[in-house]
Amino acid sequence: MNNPFLKAIELIFTGDSEVFFIAFTSARISLTAVFIASFFSIPMGVFLTFKNFRLKRSVIALLSSLMALPTVVIGLFIYSFLRRNGMLGGWDLLFTPAAIIIGQTLLAAPLITSMVHTGLSKLDPRFRETLVTLGAGPWNILKATMWEAKYVILSAVLAGFGRVIGEVGISMILGGNIRWFTRTITTTIAMENSKGNFELALALGIILMVLAIVINFLLHLMVKQER
């Protein structure tokens, strides 16, 4: 079979062990990173929406700036801490999946926080005022607001996953692209294509493209549902 596209399809549908190991490794790392980022970012987005403090505008501006930060810069920043002579060098995290998770968490957090804040800011202000009038406490207000903005929050989480699953700089610098250990879809595509192994790179590219389409489709449905 000389057609690269057909060979790539064959690698996917015959259950090639390396292709699926790489795909599952990417999904596992990115899902873990987004889960950790969401744990901190969603409450931060809610806090920025409903609390006024002195440096609020500066924090929002900083989040916007961090969203545009190149992934290689984040990777280098974390590398400086995790390398042998770094502050966290004794933890032996460099070139492990945990190191990639740390990097991707920092990549996703500003995006999720900013999207949650932006989405909640569009809620009718009378919604919260009504809850206060009805005697709802802070915890009940928070729960009601989260439920009202559930599609906004889910959209932010999906956007965060889409951001990290397709990055290459952090995974390459912090993971080292080690076979059967830290190879992700994007780092393998970059390496295998440069080596001339186009079929494997294309197979992983198809998987990544399908993931991107699914994420964007779900985002579209959620935005439509919100409207």
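All of the numbers you see were taken from the coordinates with simple rules; none came from a lab. Computed from a prediction, not measured in an experiment: that's the story for all the values here. FYI the Cβ positions are ideal-geometry reconstructions off the backbone, even for glycines, and counts take in every protein chain you see.
What do you reckon, is ILE206 assigned to a helix (DSSP H, G or I), touching a residue at least 12 places away in the same chain (Cβ under 8 Å) and more than 30 Å from GLU18 (Cβ to Cβ)?
Here the answer is no, as ILE206 does not meet what is asked.
Any residue that is touching a helix residue (DSSP H, G or I) at 6+ places or on another chain (Cβ under 9 Å), under 23 Å from TRP180 (Cα atoms) and crowded, with 18+ Cβ neighbours inside 10 Å - is there at least one of those in the range 104-123?
yes
Exactly one of these conditions fails for SER65: (1) of a type in the set (S, T, N, Q); (2) exposed (fewer than 15 other Cβ atoms within 10 Å of the Cβ); (3) under 14 Å from the mean Cα position of the chain (by Cα). Give me its number.
Only one criterion is unmet by SER65, namely (3).
Of the residues that make up the range 75-91, is at least one assigned to a helix (DSSP H, G or I), among the hydroxyl-bearing types (Ser, Thr, Tyr) and touching a residue at least 60 places away in the same chain (Cβ under 8 Å)? Walk me through how you get there before you give the answer.
At the first step, the residues of the range 75-91 found to be assigned to a helix (DSSP H, G or I) are 75-82, 89-91.
Filter again for among the hydroxyl-bearing types (Ser, Thr, Tyr), leaving 79-80.
Next, from what is left, pick out any that are touching a residue at least 60 places away in the same chain (Cβ under 8 Å): 79.
Yes, some residue in the range 75-91 is assigned to a helix (DSSP H, G or I), among the hydroxyl-bearing types (Ser, Thr, Tyr) and touching a residue at least 60 places away in the same chain (Cβ under 8 Å).
Starting from residues that are out of contact with any Ser or Thr (no Cβ under 6 Å at 6 or more places or on another chain) and of a type in the set (Gly, Ala, Ser), keep the ones in the range 12-49 and report whichever is surrounded by the most Cβ atoms within 10 Å (Cβ to Cβ).
Among those that are out of contact with any Ser or Thr (no Cβ under 6 Å at 6 or more places or on another chain) and of a type in the set (Gly, Ala, Ser), it is SER30.
Give the residues of the range 74-87 that are surrounded by 12 or more Cβ atoms within 10 Å (Cβ to Cβ) and hydrophobic (A, V, I, L, M, F, W, C), sorted by residue number.
ILE74, LEU76, PHE77, ILE78, PHE81, LEU82
Residue by residue through the range 1-36, note down the ones that are acidic (Asp, Glu), assigned to a helix (DSSP H, G or I) and in contact with a helix residue (DSSP H, G or I) (Cβ under 8 Å, 6 or more places away or on another chain).
GLU18
So, in the range 39-68, how many residues would count as being among the basic types (Lys, Arg) and part of a helix (DSSP H, G or I)?
Selection size over the range 39-68: 2.
Of the conditions (1) among the charged types (D, E, K, R); (2) in a helix (DSSP H, G or I); (3) under 20 Å from the mean Cα position of the chain (by Cα), ARG126 fails just one. Which one is it?
All conditions pass for ARG126, except number (3).
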